[in-house]
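Derivation of every value follows stated rules applied to the coordinates shown; laboratory data play no part. Everything quoted here is computed from the prediction, not taken from an experiment. Heads up, the Cβs are rebuilt from the backbone with ideal geometry, glycines too, and the neighbour counts pull from every protein chain shown.
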Ligand SMILES: [Fe+2]
């Protein structure tokens, strides 16, 4: 059976220079180590999905760093913005990777949604984004659908993070469920691994390529888990295999 293999990296939090630190971690170095691990795991040829917060504060140089790094490695990549990103600067600066909201294969359509609102940490789907989503879903009634977004459409058990849940999640769920072949949602933002059943739609959240948040925290708290990525295998019959790979040998001080 044909398998579409993807790799999700999320919440890179890069800065203007390679030695930039975010929460005392060199985020460009940890991204490079994640990419090296993906190669060592035999997944270097598979398309990358970057699900937001590529920059730590919308710096154009952060997007240039990603553009140069991934194009020099010959990567294929789809991306969407997070709350720390600037969509306009991403579109200007990611010269080798234009924004592709819909990626289509023989059996699957992958939708890269923008759940970010300017100057707000929380997520919501704008009217125009909902309209475009509705159009895409109606254009592909027979394809399996994978939906990617930055924010979580479900609660994850941390009060401070759950305030960022997609505000119009009920409306979004109604639209996605009406299609009948939305096989999963993948997201970032919560810097931890989390799986949920969103009233019939599986939701997979993925840890960051740099620092992680402590699960089940009332207030902001960091975890001591290392960088990670998610592997995703999409089968032609709609089945999904996925899992998270942590870089347990990673040392921030190497
Ligand atoms: Fe975020």
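Give segment 44-69 a look and list any residue that's closer than 17 Å to residue 5 by Cβ and either more than 16 Å from the ligand (Cβ to nearest atom) or surrounded by fewer than 21 Cβ atoms within 10 Å (Cβ to Cβ) (or both), or say none.
44, 45, 46, 47, 48
Looking only at segment 230-240, decide whether some residue is surrounded by 21 or more Cβ atoms within 10 Å (Cβ to Cβ), over 29 Å from residue 19 (Cα atoms) and in contact (Cβ under 8 Å) with a residue 12 or more places away in the chain.
yes
Give just the number: which of (1) without any contact (Cβ under 8 Å) to a residue 24 or more places away in the chain; (2) assigned to a loop (DSSP other than H, G, I, E, B) does residue 18 not satisfy?
Failing condition for residue 18: (1).
Can you name the number of the only condition in (1) within 20 Å of the chain's Cα centre (by Cα); (2) loosely packed, with under 14 Cβ neighbours inside 10 Å; (3) touching a residue at least 60 places away in the same chain (Cβ under 8 Å) that residue 163 fails?
Here residue 163 clears every test but (3).
Per-residue answers, yes or no, for (1) under 26 Å from residue 63 (Cβ atoms); (2) touching a residue at least 12 places away in the same chain (Cβ under 8 Å):
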| site | (1), (2) |
| --- | --- |
| 119 | yes, no |
| 124 | yes, yes |
| 129 | yes, yes |
| 140 | no, yes |
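Name the residues in segment 1-24 that are closer than 25 Å to residue 232 by Cβ and away from the ligand (no atom under 16 Å from the Cβ), would you?
1, 2, 3, 4, 5, 6, 7
Residue 96 passes all but one of (1) farther than 30 Å from residue 19 by Cβ; (2) in contact with a helix residue (DSSP H, G or I) (Cβ under 9 Å, 6 or more places away or on another chain); (3) surrounded by fewer than 22 Cβ atoms within 10 Å (Cβ to Cβ); which number fails?
(1)
Hey, does segment 33-43 have a residue that's in contact (Cβ under 8 Å) with a residue 12 or more places away in the chain and within 16 Å of the ligand (Cβ to nearest atom)?
Within segment 33-43 (the criterion being in contact (Cβ under 8 Å) with a residue 12 or more places away in the chain and within 16 Å of the ligand (Cβ to nearest atom)), the answer is no, since none of the residues qualifies.
Exactly one of these conditions fails for residue 5: (1) assigned to a helix (DSSP H, G or I); (2) within 18 Å of the chain's Cα centre (by Cα); (3) under 26 Å from residue 242 (Cα atoms). Give me its number.
(1)
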